[in-house]
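One structure below.
Derivation of every value follows stated rules applied to the coordinates shown; laboratory data play no part. Just so it is clear, the model here is predicted, and its values are computed rather than measured. Note that each Cβ is placed from the backbone with ideal geometry, even for glycine, and that neighbours are counted across all protein chains shown.
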Amino acid sequence: ALTAGIVGLPNVGKSTLFNAITKAGALAANYPFATIDPNVGIVEVPDARLDELTKLVQPKKTVPTAFEFTDIAGIVKGASKGEGLGNKFLAHIREVDAITQVVRCFEDENITHVAGKVDPISDIEVINLELILADLESVDKRYAKVEKLARQKDKEAMVEAPVLEKVKEAFANEKPARSVDLSDEELKTIKSLNLLTLKPMLYVANVSEDEVADVSNNQYVQTVRDYAAKEGAEVIVVCAKIEEEIAVLDDEEKAMFLEELGIEESGLDQLIKASYSLLGLATYFTAGVQEVRAWTFRKGMKAPQCAGVIHSDFERGFIRAETVSYDDLMQYGSMSAAKEAGRVRLEGKEYVVQDGDIMLFRFNV
Ligand code: GDP
């Protein structure tokens, strides 16, 4: 499964946020094995469509889809030179698919800031620079080899060398590899380097309890938003402490608590959704009287691969998929009405599944 890694300087609220995630995940009865790796927290992906489908179909059981966060503690200034947990820490980031960077945007005299004062942009720059320095080392090493081969007219090396040069130039300007405009073919040539700064990133601005409902006066959040906008990155505002408190509440209690605080949607729920789409993930549904269920797939996946998410036999024996879009099903009010209106399609092996499709797979066993 794809996972988003939580990073950030010490004392910014990472553990608090990760606790909220594991507590929320522990409540999710559908994922009893959610705690095998203590650094992985599995949460349900909130999806209003699943609630609507449940109302419509009235199944015995409803199962949301899940998403993984990985806690990556321990980045400090100098990590790329092996300081703190250093290289071990960077190796953990290498294993995740997207990066969730927690940034401290709350004041609290009792909680020490590693740099002496709250300064989110400086914090972000420390971390982003460590990631760039680590990548620079990999790219330099690789470039030394590839450049020699390119001079000997090795075909592959001649494609790769200029890509590495572009990436090196970005690093020289303290820019991440993902800021370089590379074609799919160019990206392929450097894929094996598994660069940290090629991974998509989003920022989590951690604010105090009394500011979370309205952050318009929080200058820190504004500076993070400006910084992120330049990168085209998203910012999610949370109060990690509140998330930790509400993680143990059931849906109704949670809604009441949030309303009292004047919060529309919990920061954690927003974070889950944002991370999910940052990774290019989408959801299709199966809807029967026994079970209504959400399934995760990668955008661009075709029907047989999506069937394989449920079971590999479904992929192997795939014949076709009865498919209706969520909007059509809701508009016609039932599967049979949607069928009568000609909105239920028979899709084959080449069909690219869309977010919100409701699928019934036909397959040979
Ligand atoms: P980490 O080192 O990044 O994992 O940070 P922690 O999660 O351990 O948080 C450091 C300190 O900040 C702890 O004392 C937390 O209780 C406190 N803290 C974390 N999030 C918040 C928050 O949203 N508001 C306030 N006031 N304190 C917080």
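What's the long-distance tail for segment 131-195, i.e. % of Cα pairs beyond 16 Å?
39 percent
Using just the helices of the chain, give the 222 nm mean residue ellipticity in deg cm²/dmol: DSSP H runs with n ≥ 4 each add -39,500 (n - 2.57), and the total is spread over all residues, rounded to 500. Kindly include the intermediate steps, with their values, before the conclusion.
Numbers: 14 runs with 159 residues, N = 365.
It comes out at -13500 deg cm²/dmol, rounded to the nearest 500.
Set the Förster distance to 30 Å, then compute FRET efficiency between Ser179 and Leu149 from the Cβ-Cβ distance, nearest 0.05.
With a Förster radius of 30 Å, E is 0.65.
Give the whole-number value, in cubic angstrom per residue, of the convex hull volume spanned by the C-alpha atoms of the chain.
It is 167 Å³ per residue.
What are the ³J(HN,Hα) couplings of segment 13-19, residue after residue, when phi is run through the Karplus curve with 6.51, -1.76, 1.60 and θ = phi - 60°? Round to Hz, x for glycine and proline.
With coefficients 6.51, -1.76 and 1.60, one gets x, 4, 5, 4, 5, 5, 4 Hz.
Setting aside same-chain residues fewer than 8 positions from Lys60, which aspartates and glutamates have a Cα under 12 Å from its Cα?
Of all the aspartates and glutamates, those that pass the test against Lys60 - Cα under 12 Å, at least 8 places apart if same chain - are Glu291.
Which lysines, if any, have their Cα less than 17 Å from the Cα of Lys254, not counting same-chain residues under 8 positions apart?
Filter leaves Lys23, Lys241.
Give me the distance in nm between label points sitting 7 Å out from Cα along the Cα-to-Cβ direction at Glu260 and Lys188, one decimal.
5.7 nm
Report the net charge of residues surrounding Glu156, where surrounding means a beta-carbon distance below 14 angstrom and charges are Lys +1, Arg +1, Asp -1, Glu -1.
Net local charge, Glu156 excluded: +3.
Tabulate in residue order the Karplus-calculated ³J(HN,Hα) for segment 304-315, using 6.51 cos²θ - 1.76 cosθ + 1.60 with θ = phi - 60°, rounded to whole Hz; enter x for Gly and Pro.
Once θ is set to phi - 60°, the couplings for segment 304-315 become x, 5, 5, 4, x, 5, 6, 7, 5, 4, 5, 6 Hz.
How large is ³J(HN,Hα) for each residue in segment 137-148, as worked out from phi by the Karplus curve 6.51 cos²θ - 1.76 cosθ + 1.60 (θ = phi - 60°), to whole Hz, x for Gly and Pro?
Those phi angles translate into 4, 4, 5, 4, 4, 5, 4, 4, 6, 5, 5, 4 Hz.
Would you mind computing Rg(Cα) / (2.2 N^0.38 Å) for segment 300-363, counting N as its residues?
1.10
Counting pairs of alpha carbon atoms under 8 Å apart in space and at least six apart in sequence, what relative contact order in percent does the chain give?
Answer for the chain is 19 percent.
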